[in-house]
Every structure is written in structure tokens, then in C-alpha cells.
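*Asks:* Next up is a structure, given as C-alpha cells.
Values quoted throughout were computed directly from the atomic coordinates according to the rules given, and no laboratory measurement underlies them. Just so you know, these numbers come straight off a predicted model, no measurement behind them. Counting neighbours? That spans all protein chains shown, and the Cβs are built from the backbone with ideal geometry, glycine included.
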Amino acid sequence: MTKRSVAMVVILSIITFGIYALVWMVKTKNEMNSQGANIPTAWLLIVPVISIWWMWKYAGGVEHVTRGKSSQVIAFILMFVLGVIGMAIIQDAFNKVADQGQLPNARAMG
């Protein structure tokens, strides 16, 4: 995961009236998918009811890359209820993952 400034996630999202928030979600979705998460295309964000399901899948990706330190339920609530503040909290979790190094795409058996 790419380290990003937590404050800048909030500030840029506010300054750009939410456009940066969408860009952030797409970029982090791609990074999570490269780490083995299974999040569908971000185009689903523009479909009114389906966007809630998409955020649930995104939250599952957060749980995957943080190895359960941020649960899917908590990540979903952060995104859905707290919006930009929730995104900042999730970015902080991503920064901690980046500090630990990236997850392998597959686990060795044996």
C-alpha cells in the first residue's frame, strides 16, 4: 500500500468537493486488488444502490490488507457514516501496512 498523508486525504477531498475522495477510493482499490483483495470495478460507485454493496466489498479489501486489524464491518461503517473522516482513519491503517511491508500475493503451503 502507498503511504499517503492522512491530513491531505481530508483536505484534498474537501477542496475538490469529493473528487479526490473518488480518486483515492479507486487508487486504493487497485492497490488492495494487487494484494489479493477481490473488489469489483469502481464504476459501480455511480450506481445508487449498488454503490453500498461496492463499499461493503471495499471494506472487505481493507480487512484483507490489514490482516484483520480493521474489520470489514468497522471499515464499512467508517466509509458509510463518517465519509472523509472514515477515509482518513482507513488511510492511517494503510500507512501502517505500508510500514510493515507489502503482503505476498499468495501464501506458501507447507
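*Asks:* Using the Karplus curve 6.51 cos²θ - 1.76 cosθ + 1.60 with θ = phi - 60°, work out ³J(HN,Hα) for each residue of the range 26-31 in order, rounded to whole Hz, and write x for Gly and Pro.
*Replies:* Listing the rounded values in order: 5, 5, 5, 4, 5, 5 Hz.
*Asks:* Moving on to the next point. Restricting to Cα pairs below 8 Å that are 6+ residues apart, what does the relative contact order work out to for the range 6-100? Please round to a whole percent.
*Replies:* That works out to 27 percent.
*Asks:* Above 23 Å lies some portion of the pair distances; for the range 6-100, what is it as a whole percent of all C-alpha pairs?
*Replies:* Of all Cα-Cα distances in the range 6-100, 14 percent exceed 23 Å.
*Asks:* So for Ile90, Ile15, Ile74, fewest C-beta neighbours within 10 Å to most, what's the order?
*Replies:* Ile15, Ile74, Ile90
*Asks:* So what is the calculated 222 nm ellipticity per residue for the chain, using -39500 (n - 2.57) for each DSSP H run with n of 4 or more, over all residues, to the nearest 500 deg cm²/dmol?
*Replies:* -18500 deg cm²/dmol
*Asks:* With a ≥ b ≥ c taken as the square roots of the eigenvalues of the C-alpha gyration tensor of the range 1-43, please select rounded if a/c is under 1.5 and otherwise prolate if a/b is larger than b/c or oblate if it is not?
*Replies:* oblate
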